[in-house]
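Trainee: Got a structure here, written out as structure tokens. Questions coming.
The values are calculated or read from the model by the stated rules, or taken from the named source; none is laboratory data. What you see is a predicted model, and the numbers here were worked out from it, not measured in a lab. Glycine also receives a Cβ, built like all others from the backbone with ideal geometry; neighbour counts cover every protein chain displayed.
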Amino acid sequence: MKLAGRSFKLATRKLYVLARLMLQWICIILQVWILVQMWRQRLYARFPLFAAYIAYVAVQMVLRSAFLANQHFYFYVYWLTAPIEVILSLLAAHESFLKVFRSFYLLWWFRIFFPGAIVVAVAYSAWKGYASPPVHVSASGAAIISAALTAQYVILATSILFFVLAKFLHVPWRIHEYRFILGFGISSLAVAFGGAVRSAFGTRFEFVSEMLPAVAYMVALAVWLSAVLQAEPSNDQPSK
């Protein structure tokens, strides 16, 4: 009985690793496609932070895929690459927000409050995770986890604020900025939901809490790809 249970867990683990590996390589293909299209559409100059984020995560996924079957090495690769991903994701989402609502930054208090609130929220969550880590996680690991989750909540809040302001202020449609923000919103919502599931049920629904963000990120990549496949508007005018 114990042998059968152990065999089932081993088979489930292999299936999980295979599913994660397939998702990661699909994402890598989409990321390379996005970067190629950005090069063709000459979007690197307009969205340098978004391009840097996509390129970094593509390299990061290649490294993680190479060590996915080895939990020991995967652990170090994951935590060494995660902090830069957090920073780039925040900067990339903020980049599109800034392009659409640049006039808000003429207000001195908004220039200080909006970026400052983001930095304070992420820094505080990292410090809190470091100061009071869970028993099974190191202090540095807890800091990264806490900061990464807070960054996703910040991106989700930024995405909601973006579309609320766009609707309220009747901002003309911009194909790249709108879809870039939409993709970040989809991905961050799934991460937040997965984190809530794990917090409420522990490892009981581990497959859902870990696979949902991966699938949502693939959807986000599809949204971003649909944006960069569009021809760049002439004279940087909003798309209709």
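Trainee: How about region 154-170: which of its residues are of a type outside the set (Gly, Ala, Ser) and touching a helix residue (DSSP H, G or I) at 6+ places or on another chain (Cβ under 6 Å)?
Mentor: Val154, Ile155, Leu156, Thr158, Phe162
Trainee: Considering region 66-83 alone, what residues qualify as being in a helix (DSSP H, G or I) and among the aliphatic types (A, V, I, L, M)? Can you show your working first?
Mentor: First pass over region 66-83, keeping only residues in a helix (DSSP H, G or I): 66, 71-83.
Across region 66-83, the qualifying residues are Ala66, Val77, Leu80, Ala82.
Trainee: Between Phe163, Phe201, Phe168, Phe207, which is surrounded by fewer than 19 Cβ atoms within 10 Å (Cβ to Cβ), more than 15 Å from the chain's Cα centre (by Cα) and at pLDDT 90 or above? Explain how you work it out, then say what you get.
Mentor: On the way: Phe201 fails: at pLDDT 90 or above; Phe168 fails: at pLDDT 90 or above; Phe207 fails: at pLDDT 90 or above.
Going through Phe163, Phe201, Phe168, Phe207 in turn, the sole match is Phe163.
Trainee: While we're looking at this one, here's another question. Among the residues of region 40-58, count how many are in a loop (DSSP other than H, G, I, E, B) and either touching a residue at least 24 places away in the same chain (Cβ under 8 Å) or charged (D, E, K, R) (or both).
Mentor: The number of residues fulfilling the criteria is 5.
Trainee: For Phe101, state whether it is modelled with pLDDT of 75 or more and surrounded by 19 or more Cβ atoms within 10 Å (Cβ to Cβ).
Mentor: no
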